[in-house]
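Undergrad: Quick one: the structure is below, questions incoming.
The values are calculated or read from the model by the stated rules, or taken from the named source; none is laboratory data. Everything numeric in this text was worked out from a predicted model, so none of it was measured. Note that each Cβ is placed from the backbone with ideal geometry, even for glycine, and that neighbours are counted across all protein chains shown. The protein model used for the area step is the full one, side chains on, heavy atoms only, and it has no ligands, DNA or RNA in it. Shrake-Rupley method; radii C 1.70, N 1.55, O 1.52, S 1.80 Å.
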Amino acid sequence: MVNFAPDAAHPGRSVLELSIALSDNPRTRPIIEGRVSPEAIRLVPTAIHPSEMFWRQLRYGDFDVSEMSLSTLTILTSQGNRDWVGLPIYTMRKFFHTEIVYHKESGIKVPADLKGKRVGVPEYQQTAAIWTRGVLQHEFGVKASDMTWFMERNDDRSHGHSTGFKSPPGVSVSPVPLNSNLGEMLLKREIDAIVHYIAHNNLVDRSRVDVTADPNVRFLFEDREAESARYFKKTGIYPINHIMVVKRSVYEQHPWIALNLYAAFLNGMDQVRKDALPWLAPYYDTGLVDRDVKRVIAKTPMPYGLKAARHVLETVTQYVHEQGLCERRVGLEEIFAPNTLDL
């Protein structure tokens, strides 16, 4: 239940108290730590792993505001679900296809070698996997149907439990046995490669071993930074994985919170940029930002707002439909709050 609470900074005034769930990363830390607060809102934050966060939101609706899987939100929207209102705030962006790992005895050397191989994925419909399959198809001519897929999350803990996931036509997706996990399967050569491996401790994902520490496991793209720079230079796409959402019941009662939250996250990003934190360092070699720190803090390759990210967002909604995960292409105006569409 959403409550109004006294504003300690302004006696006699009240603020709207909202629970918020965020993954702990440099972009969200100013909000989590309370260094940035939305006007007229008091946030009660929970820092939590995204896999667990999304499961709790989709299954139980635990938080008023949270990050959300962009692909799952798109699928739900295509099905007529209106539980969530999206905000054009992007808390996770990454070149996910550079995370593909393979066992060196699999015979894989280049993306085309994935054809005919057994590939593991935590969740078939997760955004990271959708981006990876989209890049494999459009950049390297490797389709999802060219591989045999193994999914780690079972029905009870999967995002697909909330969307009625079924294997797309022509694609084989088998569950990983509950007494096993993707990491163990790769090391035992029961699968050949993994897309977006997750070994962080959480209530949803079962893998725990650091497969990249094993000499038999290698990244498909040996120079990941160079591949990231190549892809970005060619496409202008810096993939978006997570966006912020608000419960529609809360938004419809208090539509002003969308812009107040947006402004707070903008302020949070400004803090991160001005601090020039070490997390920017990996982007120096990708060509995404300039090596000159003064120029790094003056711009960001991760802008918020719908206009700056339209091409990226439309690409991933295209991929969700193209990969058979929803029956129609979803428009961005269906996903995002009406009062944020001009941002």
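Undergrad: Compute the Rg/Rh shape ratio of segment 97-187: radius of gyration over Kirkwood radius, all on alpha-carbon atoms.
TA: Computed over Cα atoms, the ratio is 0.94.
Undergrad: Please give the direction-averaged projected area of the C-alpha convex hull for segment 201-244, in square nanometres with one decimal. Present the calculation step by step, with values, prior to reporting the outcome.
TA: Values: hull surface 21.0 nm².
Orientation-averaged projected area of the Cα hull: 5.2 nm².
Undergrad: Test of the criteria: in segment 183-249, which GluC sites (Glu not before Pro) are in a DSSP loop and have at most 14 other Cβ atoms within 10 angstrom of their Cβ?
TA: Answer in residue order: E222.
Undergrad: Please express the shape of segment 61-212 as an equivalent ellipsoid: the semi-axes are the square roots of 5 times the eigenvalues of the C-alpha gyration tensor, given largest first in whole angstrom.
TA: Its equivalent ellipsoid spans semi-axes of 26, 18, 15 Å.
Undergrad: For segment 1-133, what number results from the quotient of the Cα radius of gyration and 2.2 N^0.38 Å?
TA: Computed over Cα atoms of segment 1-133, the ratio equals 1.38.
Undergrad: Here is a follow-up. Whole number please: convex hull volume per residue, Cα atoms of segment 33-109, in Å³. The partial results should precede the final answer.
TA: Values: hull volume 13.5 nm³, N = 77.
Here the figure is 176 Å³ per residue.
Undergrad: Right, something else. Go through 121-132, 306-317 and give me the packing order, highest mean Cβ count within 10 Å leading.
TA: Most protected by this proxy first, the peptides run 121-132, 306-317.
Undergrad: Let a ≥ b ≥ c be the square roots of the eigenvalues of the Cα gyration tensor of segment 186-264; is it rounded (a/c under 1.5), or, if not, prolate (a/b larger than b/c) or oblate?
TA: The shape class here is oblate.
Undergrad: Mind ranking E252, E67 by accessible surface for me, highest first, 1.4 Å probe?
TA: Result of the area sort, largest leading: E252, E67.
Undergrad: Given N residues in the chain, what is Rg(Cα) / (2.2 N^0.38 Å)?
TA: Here the answer is 1.00, to two decimals.
Undergrad: If we sort 194-205, 84-95 on the protection proxy, mean other Cβ atoms within 10 Å, highest first, what's the order?
TA: In decreasing order of mean packing, 194-205, 84-95 become 84-95, 194-205.
Undergrad: Same structure, new question: Taking the DSSP beta bridges in the chain as the whole, what percent of them are antiparallel, to the nearest 5?
TA: The antiparallel fraction comes to roughly 50 percent.
Undergrad: Let me ask you something else. In degrees from 0 to 90, rounded to the nearest 10, what is the angle of the helix 127-140 Cα long axis to the longest principal axis of the chain?
TA: Relative to the chain, helix 127-140 is tipped by roughly 50 degrees.
Undergrad: Relative to the longest principal axis of the C-alpha atoms of the chain, give the angle of the C-alpha long axis of helix 224-235, reported between 0 and 90° and rounded to the nearest 10°.
TA: 70
Undergrad: In segment 192-231, which residues have a backbone nitrogen under 16 Å from the label point lying 7 Å from Y60's Cα in the Cα-to-Cβ direction?
TA: Once the point is set 7 Å along Cα→Cβ of Y60, 202-205 turn out to lie under 16 Å by backbone N, inside segment 192-231.
Undergrad: Mean projection of the alpha-carbon convex hull of segment 20-78 over all orientations, in nm²?
TA: Values: hull surface 18.0 nm².
So the mean shadow area of the Cα hull is 4.5 nm².
Undergrad: Now for a different question. Can you give me the distance in nm between label points at R328 and N154, each placed 7 Å from the Cα along the Cα-to-Cβ direction?
TA: About 3.6 nm separates the two model spin labels.
Undergrad: Give me the accessible area of H138, 1.4 Å probe, in Å² rounded to the nearest 10.
TA: Ignoring ligands and nucleic acids, H138 comes out at about 90 Å².
Undergrad: Relative to the longest principal axis of the chain, what angle (0 to 90°, nearest 10) does the C-alpha long axis of helix 257-275 take?
TA: Between helix and principal axis, roughly 70 degrees.
Undergrad: With every protein chain left in place and a probe of 1.4 Å, what is the accessible surface of D214, to the nearest 10 Å²?
TA: D214 has an accessible surface of roughly 40 Å² with all protein chains in place.
Undergrad: Let me ask another. Restricting the calculation to Cα positions, tell me the Rg (one decimal) and the Dmax (whole number) of segment 122-268 in Å.
TA: 18.4, 55
Undergrad: Leaving ligands, DNA and RNA out of it, report the carbon-plus-sulfur percent of the accessible area of the chain at a 1.4 Å probe.
TA: 49
Undergrad: Right, another one. From largest accessible area down, sort D155, D64; use a 1.4 Å probe on the protein chains.
TA: From most accessible down to least: D155, D64.
Undergrad: Here's something else I'd like to know. Need the full-extension length gain, R230 to A40, defined as separation in residues times 0.36 nm minus the C-alpha distance. One decimal, nm.
TA: 64.1 nm
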